[in-house]
Amino acid sequence: MTQTSTLLLTELFGTALLIVLGNGIVANIVLKGTKGNNAGWLSICFGWGFAVTVAALISSAFLGGKGWLNPAVMLGASIADWKGTWGFVDSSTGAQVGLFFGVLVIQFIGAALGQIIVDLLYYKHIQMTLGSKEEFATANVLGMHSTGATTKSIAANFGMEFVGTFILIFAILAIPRFSALNGNIIGGLGPVIVGIVVISIGLSLGGTTGYAINPARDLGPRIVHALMPTRGKGKSDWEYAWIPVAAPLSAAIVSGLIWLAI
């Protein structure tokens, strides 16, 4: 198997696994009748951090695998180090640009596949939740798919997603540099550290938007929600959907350019 094939497959599988574990913890907490029902925000933050660690660890364990699992991380890393360790975009090779967009599409597909698995595993609890007719039933079902703001404000919501993603990308870019300056002290603990960063972002910044900080993580499952043939599921909140896509990608460009400059 070529490194390109490995990259595509690991991004597909890794992003799907990220959603299975990440949105799986959300489903376990917000859906009616589960053993984790009402476990709270702390469980979601730690669950998502562990999901990132496991998915990144597995998907980067193969020759050619990068463990990006996030279009914003891939974009920021490619800008920051476009001919080095992280990036693979070579301005003189159109095929490399094509590969970039190929991986981008694969990440969205992987996120959608992961969400389909979550929906199948929690199908009865989705039905129980919607059948309860409780006030937040449809919101909880959408919440196990995609993010949403507690208070709708374009500036505030965009800013929160931008800052959270900026911190994530800068932390990821800092890992190899910190390790090199300190005798490779980090070694293979990169995925664990990224998971800790995700937990930190969630605990500190995630309370207003649900901290998507990953366009694929939000848009792929939102599309699945929109297509889900379930009566009474509610709307998919497309009016908000552009923010968890545009804000992380904007943060990726800014963080990548700043890192490249320094």
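Here is how the numbers come out for the structure above:
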item	result
Residue tally, condition small (G, A, S) and at positive phi, over the range 203-262	3
Any chance I154 is surrounded by fewer than 20 Cβ atoms within 10 Å (Cβ to Cβ) and within 20 Å of the chain's Cα centre (by Cα)	no
Selection count where residues are touching a residue at least 40 places away in the same chain (Cβ under 8 Å) and closer than 19 Å to K66 by Cβ, scope the range 105-123	8
Top-ranked residue in the range 194-246 [being within 11 Å of the chain's Cα centre (by Cα), of a type in the set (A, V, I, L, M, F, W, C) and part of a loop (DSSP other than H, G, I, E, B); ranked as surrounded by the most Cβ atoms within 10 Å (Cβ to Cβ)]	I213
Exclusive hit being assigned to a helix (DSSP H, G or I) and modelled with pLDDT of 95 or more, set A156, A149, A180, A174	A156
Filter result for V254 (outside any loop (DSSP other than H, G, I, E, B) and within 14 Å of the chain's Cα centre (by Cα))	no
Test: A95 is at pLDDT below 90, part of a helix (DSSP H, G or I) and more than 24 Å from A251 (Cα to Cα)	yes
Pairs with Cβ under 9 Å, 6+ apart, first in the range 227-245 and farther than 22 Å from Y211 by Cα, second of a type in the set (A, V, I, L, M, F, W, C) and assigned to a loop (DSSP other than H, G, I, E, B)	none
Every residue from the range 2-42 that is in contact (Cβ under 8 Å) with a residue 24 or more places away in the chain and assigned to a loop (DSSP other than H, G, I, E, B)	T2, L31, K32, G33, T34
Residue within the range 130-140 that is within 19 Å of L21 (Cβ to Cβ), touching a residue at least 40 places away in the same chain (Cβ under 8 Å) and either of a type outside the set (S, T, Y) or part of a helix (DSSP H, G or I) (or both) present	yes
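Residues checked against (1) surrounded by fewer than 17 Cβ atoms within 10 Å (Cβ to Cβ); (2) within 30 Å of M128 (Cα to Cα):
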site: V20; (1), (2): no, yes
site: L31; (1), (2): no, yes
site: K35; (1), (2): yes, yes
site: L42; (1), (2): yes, yes
site: F50; (1), (2): no, yes
site: T53; (1), (2): no, no
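Conditions (1) touching a strand residue (DSSP E or B) at 6+ places or on another chain (Cβ under 8 Å); (2) modelled with pLDDT of 95 or more; (3) within 22 Å of P221 (Cβ to Cβ); (4) outside any loop (DSSP other than H, G, I, E, B), marked per residue:
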residue	(1), (2), (3), (4)
F50	no, yes, yes, yes
G64	no, no, no, no
L99	no, no, no, yes
I106	no, yes, yes, yes
A111	no, yes, yes, yes
I116	no, yes, yes, yes
L120	no, yes, yes, yes
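The values are calculated or read from the model by the stated rules, or taken from the named source; none is laboratory data. Quantities reported herein were computed from a predicted structural model and do not represent experimental measurements. When we count neighbours, we look across all protein chains shown, and the Cβ atoms used for this are built from the backbone with ideal geometry, even at glycine.
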